[in-house]
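Visitor: Mind having a look at this structure? Questions to follow.
The values are calculated or read from the model by the stated rules, or taken from the named source; none is laboratory data. Quantities reported herein were computed from a predicted structural model and do not represent experimental measurements. Every residue, glycine among them, receives a Cβ derived from its backbone with ideal geometry; neighbour counts consider all protein chains shown.
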Amino acid sequence: MFEAVEELIGEHADLEKQLADPSVHADQANARKLNKRYAELTPIVAAYRSWKQTGDDIETAREFVADDPDFAAEVKDLEQQREELTEKLRLLLIPRDPSDDKDVILEIKAGAGGDESALFAGDLLRMYLRYAERVGWKTEIIDATESELGGYKDVQVAVKTKGNATPEPGQGVWARLKYEGGVHRVQRVPATESQGRIHTSAAGVLVTPEAEEIDVEINPNDLRIDVYRSSGPGGQSVNTTDSAVRITHIPTGVVASCQNEKSQLQNKEQAMRILRSRLLAAAQEEAEKEAADARRSQVRTVDRSEKIRTYNFPENRISDHRVGFKAYNLDQVLDGELDAVIQACVDADSAAKLAATS
């Protein structure tokens with residue numbers, strides 16, 4: 001069992017030697033790549049060594065049982081440890097999503113429900129901002145279109161880890177937030193409802209890993225860049241200069257726009273960030289389709305009727321329909337306590353992948 005780990009141990013040792021060589025760090029991109037792989041392999045190697053050592057300890061304890069029956073209890077304890085380490089190692093060997101360590105661009109769009117849906121989109125934005133604050137991530141609102149009542153028709157926010165440190169396996173921004181993509185439904189009495197009736201509305205969440213320039217090659221000749229006047233509230237320059245930018249990737253038809261920044265150049269840079277991420281997500285999705293391994297938890301378009309989660313205010317209940325998760329602490333979840341909800345999705349995904357590799 002776990003024969004393949006021996007190869008990983010050899011790779012881990014080789015990486016350790018490379019990273020100890022100062023000349024390797026002259027190429028920062030390559031050094032980051034090596035460090036990332038080293039960080040991925042380290043917990044596997046540590047778990048395997050503990051698993052193997054426990055096996056040796058069991059054999060030694062069994063030899064002593066004939067002379068001292070008290071060792072029987074120790075054998076039982078060691079066998080329990082061995083089972084736990086076996087399961088831990090199996091989970092660590094599940095194929096990882098190569099984008100797990102990436103930062104993300106998260107977009108929230110109001111859907112059916114008019115003003116109430118836009119207010120709910122604002123609630124979701126606050127939930128994600130508070131969650132990011134709790135776990136120590138940085139956030140940056142890239143573009144936003146506000147509604148008249150203070151919600152959002154559409155808002156895009158970049159979520160990223162602080163500094164250049166590689167996150168622990170499974171704790172990267174994409175690793176946690178990729179399960180948030182889909183249609184989120186809310187059931188509550190809207191602020192505009194005079195008769196106290198419960199309404200149902202929805203907002204869509206799209207999550208894409210933020211692409212670096214090295215992830216996606218974009219030919220400038222494939223881009224159509226349109227400039228126009230910003231709309232909505234803003235500073236003195238809004239509605240007076242053509243500062244808003246819309247970029248269309250002609251071969252794929254993917255469009256990204258930004259009007260939040262004051263200058264046309266800043267809006268163009270932000271729109272390019274969004275475009276790169278969308279093209280990366282599209283390329284990954286196509287590759288996964290070909291490999292028959294698409295991420296089923298991610299809903300790519302807001303128009304789809306599949307609802308991944310319901311936020312029921314009268315019952316203070318949150319339900320994730322994909323994994324059967326249900327809890328009655330909706331107020332705390334909307335205040336950023338999302339870990340339990342996300343972990344239920346992570347566990348279900350891991351169980352499905354584990355079953356597929358068994």
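Visitor: Applying the selection to segment 170-200, what residues are charged (D, E, K, R) and touching a Cys at 6+ places or on another chain (Cβ under 8 Å)?
Guide: none
Visitor: So residue 97 passes all but one of these: (1) over 34 Å from the mean Cα position of the chain (by Cα); (2) in a loop (DSSP other than H, G, I, E, B). Which condition number does it fail?
Guide: Unmet for residue 97, out of (1) over 34 Å from the mean Cα position of the chain (by Cα); (2) in a loop (DSSP other than H, G, I, E, B): (1).
Visitor: In this structure, is residue 72 among the hydrophobic types (A, V, I, L, M, F, W, C), assigned to a helix (DSSP H, G or I), surrounded by fewer than 16 Cβ atoms within 10 Å (Cβ to Cβ) and within 30 Å of the chain's Cα centre (by Cα)?
Guide: no
Visitor: From the list 123, 154, exactly one residue is under 30 Å from residue 200 (Cβ atoms), among the charged types (D, E, K, R), surrounded by 16 or more Cβ atoms within 10 Å (Cβ to Cβ) and without any contact (Cβ under 8 Å) to a residue 60 or more places away in the chain. Which is it?
Guide: Answer to the selection: 154.
Visitor: Let me ask something else. Among 109, 178, 160, which is modelled with pLDDT of 90 or more, in the same structural domain as residue 330 (by TED's automatic domain parsing) and surrounded by fewer than 19 Cβ atoms within 10 Å (Cβ to Cβ)?
Guide: Details: 109 fails: surrounded by fewer than 19 Cβ atoms within 10 Å (Cβ to Cβ); 178 fails: surrounded by fewer than 19 Cβ atoms within 10 Å (Cβ to Cβ).
Sole residue among the options that is modelled with pLDDT of 90 or more, in the same structural domain as residue 330 (by TED's automatic domain parsing) and surrounded by fewer than 19 Cβ atoms within 10 Å (Cβ to Cβ): 160.
Visitor: Let me ask something additional. Return the residue satisfying two criteria in turn: it lies in segment 1-51 and is of a type in the set (Ser, Thr, Tyr) and surrounded by 14 or more Cβ atoms within 10 Å (Cβ to Cβ), and of such residues it is farthest from residue 81 (Cα to Cα).
Guide: Result: 38.
Visitor: To continue, here is another question. Checking residue 38 against (1) under 28 Å from residue 277 (Cβ atoms); (2) touching a Gly at 6+ places or on another chain (Cβ under 8 Å), which single condition isn't satisfied?
Guide: Looking at each condition in turn, residue 38 falls short on (2).
Visitor: Only one of these conditions is not met by residue 131: (1) more than 16 Å from the chain's Cα centre (by Cα); (2) in contact (Cβ under 8 Å) with a residue 60 or more places away in the chain. Which number is it?
Guide: (1)
Visitor: Next up: Being at pLDDT below 85, in the same structural domain as residue 205 (by TED's automatic domain parsing) and either within 30 Å of residue 94 (Cβ to Cβ) or within 14 Å of the chain's Cα centre (by Cα) (or both): is that true of residue 139 here? Walk me through it before giving the result.
Guide: Working: at pLDDT below 85: no; in the same structural domain as residue 205 (by TED's automatic domain parsing): yes; either within 30 Å of residue 94 (Cβ to Cβ) or within 14 Å of the chain's Cα centre (by Cα) (or both): yes.
Here the answer is no, as residue 139 does not meet what is asked.
Visitor: Looking at residue 294, is it in contact with a helix residue (DSSP H, G or I) (Cβ under 6 Å, 6 or more places away or on another chain), in the same structural domain as residue 200 (by TED's automatic domain parsing) and either modelled with pLDDT under 85 or of a type in the set (Lys, Arg) (or both)?
Guide: Values: in contact with a helix residue (DSSP H, G or I) (Cβ under 6 Å, 6 or more places away or on another chain): yes; in the same structural domain as residue 200 (by TED's automatic domain parsing): yes; either modelled with pLDDT under 85 or of a type in the set (Lys, Arg) (or both): yes.
Taking the combined requirement at face value, the residue satisfies it.
Visitor: Any residue at all in segment 342-350 that's under 22 Å from residue 93 (Cβ atoms) and either of a type in the set (Ser, Thr, Tyr) or modelled with pLDDT under 80 (or both)?
Guide: The answer is yes, given that some residue of segment 342-350 is under 22 Å from residue 93 (Cβ atoms) and either of a type in the set (Ser, Thr, Tyr) or modelled with pLDDT under 80 (or both).
Visitor: Does any residue of segment 56-78 turn out to be touching a strand residue (DSSP E or B) at 6+ places or on another chain (Cβ under 7 Å) and of a type in the set (S, T, N, Q)? Walk me through how you get there before you give the answer.
Guide: Filtering segment 56-78 down to residues touching a strand residue (DSSP E or B) at 6+ places or on another chain (Cβ under 7 Å) leaves none.
Within segment 56-78, none of the residues are touching a strand residue (DSSP E or B) at 6+ places or on another chain (Cβ under 7 Å) and of a type in the set (S, T, N, Q).
Visitor: Would you tally the residues in segment 304-354 being part of a strand (DSSP E or B) and of a type outside the set (S, T, N, Q)?
Guide: 10
Visitor: Answer yes or no: is there a residue in segment 187-195 that is in contact (Cβ under 8 Å) with a residue 60 or more places away in the chain and either part of a helix (DSSP H, G or I) or buried (at least 18 other Cβ atoms within 10 Å of the Cβ) (or both).
Guide: Looking through segment 187-195, at least one residue is in contact (Cβ under 8 Å) with a residue 60 or more places away in the chain and either part of a helix (DSSP H, G or I) or buried (at least 18 other Cβ atoms within 10 Å of the Cβ) (or both).
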